[in-house]
Amino acid sequence: MGSLLVNIGNLCNIQLTAGFFIFEENIMPNIYLLKDLSHVTGHSVDTLKFYLKIGLIKEIARGPETNFRFFDDTTVNSLKDIRELRKNGVPLSKIKDNIPRYKKRQG
């Protein structure tokens, strides 16, 4: 198996070799594929795809050859916030329109 080099914005470059991530800088952020994000957050893959479609969450990068989506801990935290707001009865449309405001209120 060859290796795949992916640039993830200003965070770092990652290299996927034989199924393992190798980080090329000292910063080692948590990077998730869609299925991993589902596992970590408890949201279904279908829900995550829907949130992507409506703009609630965004990928930080895509693999150039595989087109895999990559996410980081910012997305995990956003999904925790979204889940909490949904539990409190806030509709997705209001969450989407006011996400920066909700984040400021919590921060």
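The values are calculated or read from the model by the stated rules, or taken from the named source; none is laboratory data. All values derive from a computational prediction rather than experimental measurement. Counting neighbours? That spans all protein chains shown, and the Cβs are built from the backbone with ideal geometry, glycine included. Heads up: the accessible areas ignore ligands, DNA and RNA and are worked out on the full protein's heavy atoms, side chains in. Shrake-Rupley method; radii C 1.70, N 1.55, O 1.52, S 1.80 Å.
Give me the net charge for the shell around Ala61: Cβ to Cβ below 12 angstrom, other residues only, Lys and Arg +1, Asp and Glu -1.
+1
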Check your understanding: Excluding ligands and nucleic acids, what accessible area in Å² is computed for Thr47 using a 1.4 Å probe, to the nearest 10?
Key -> 40
